[in-house]
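Just below is one structure, and these are the notes that go with it.
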Amino acid sequence: MSDSATHWKFTVTHYRRPEHTHEAFMKWIVEGHLPLAMPIFKKHGVLEFSLFETPAPLNRALEEEMSKTRTGWDYADFDCFIEYIIPSVEAIGAITSDPDWPAALAEEAEWVDTSRALASLGRVTPYLLRTGEVVNMAK
């Protein structure tokens, strides 16, 4: 499934375990998990990694406002999206089978409610760049 002209996005939603605050959870990801994970990501060609934080107060306010016009929508209740831009689908397996990966996940069970994680995989196609340029559309 590798395509050198296509980038893939792999995402995972994370819920913290209830004994932790959102702030402590995010701090653990950034200061505890990522320093161990980042060398593995680089080793296996991850092109971008981002953490999309979704704190409850923001999502409650969003729901309150948007429910006026978007009556059927559900709103995020997880703590964050973890987003990887990867060169191939095979990169996921390479990361998860890396001999150093278990050490990067050693504290995960203490922090993450993995039973509620939601993973997704798809192609990334940009249409509006940060520069304001519109791309990948018929002129």
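The values are calculated or read from the model by the stated rules, or taken from the named source; none is laboratory data. Everything numeric in this text was worked out from a predicted model, so none of it was measured. We place every Cβ from the backbone using ideal geometry, glycine too, and count neighbours over all the protein chains shown. Each accessible area value is taken on the protein alone, full model and side chains, heavy atoms only, with ligands, DNA and RNA left out. Shrake-Rupley method; radii C 1.70, N 1.55, O 1.52, S 1.80 Å.
General observations
- Inside the range 26-49, residues that are over 15 Å from Ala94 (Cβ atoms) and open to solvent by less than 50 Å² (accessible area, probe 1.4 Å) make up a count of 6.
- Options Pro55, Pro35; residue that is touching a His at 6+ places or on another chain (Cβ under 7 Å), of a type outside the set (Phe, Trp, Tyr) and farther than 23 Å from Gly122 by Cβ: Pro55
- Single residue of Val112, Val135 found to be under 15 Å from the mean Cα position of the chain (by Cα) and open to solvent by less than 90 Å² (accessible area, probe 1.4 Å): Val112
- Failed item, numbered, when Ile29 is tested on (1) in contact with a Leu (Cβ under 7 Å, 6 or more places away or on another chain); (2) outside any helix (DSSP H, G or I); (3) touching a residue at least 40 places away in the same chain (Cβ under 8 Å): (2)
- Residue within the range 88-100 that is in contact (Cβ under 8 Å) with a residue 12 or more places away in the chain, charged (D, E, K, R), open to solvent by 60 Å² or more (accessible area, probe 1.4 Å) and under 24 Å from His7 (Cα atoms) present: yes
- The set of residues in the range 11-25 being open to solvent by 30 Å² or more (accessible area, probe 1.4 Å), out of contact with any helix residue (DSSP H, G or I) (no Cβ under 6 Å at 6 or more places or on another chain) and outside any loop (DSSP other than H, G, I, E, B) consists of Glu23, Ala24.
- Residues in the range 72-87 that are within 30 Å of Leu36 (Cα to Cα) and either surrounded by fewer than 15 Cβ atoms within 10 Å (Cβ to Cβ) or β-branched (Val, Ile, Thr) (or both): Asp77, Ile82, Ile85, Ile86.
- Filtering Pro57, Pro126 for residues that are open to solvent by 70 Å² or more (accessible area, probe 1.4 Å) and either assigned to a helix (DSSP H, G or I) or over 22 Å from His20 (Cα atoms) (or both) leaves a single hit, Pro57.
- Residue within the range 108-116 that is within 17 Å of Phe10 (Cα to Cα) and at pLDDT 95 or above present: yes
- Single residue of the range 60-71 satisfying the filter (open to solvent by 100 Å² or more (accessible area, probe 1.4 Å) and of a type in the set (D, E, K, R)) that is nearest to Asp113 (Cα to Cα): Arg60
- Residue within the range 75-85 that is more than 25 Å from Arg16 (Cβ to Cβ) and in a loop (DSSP other than H, G, I, E, B) present: no
- Residue match in the range 74-97 (condition: of a type in the set (D, E, K, R) and more than 18 Å from Thr11 (Cβ to Cβ)): no
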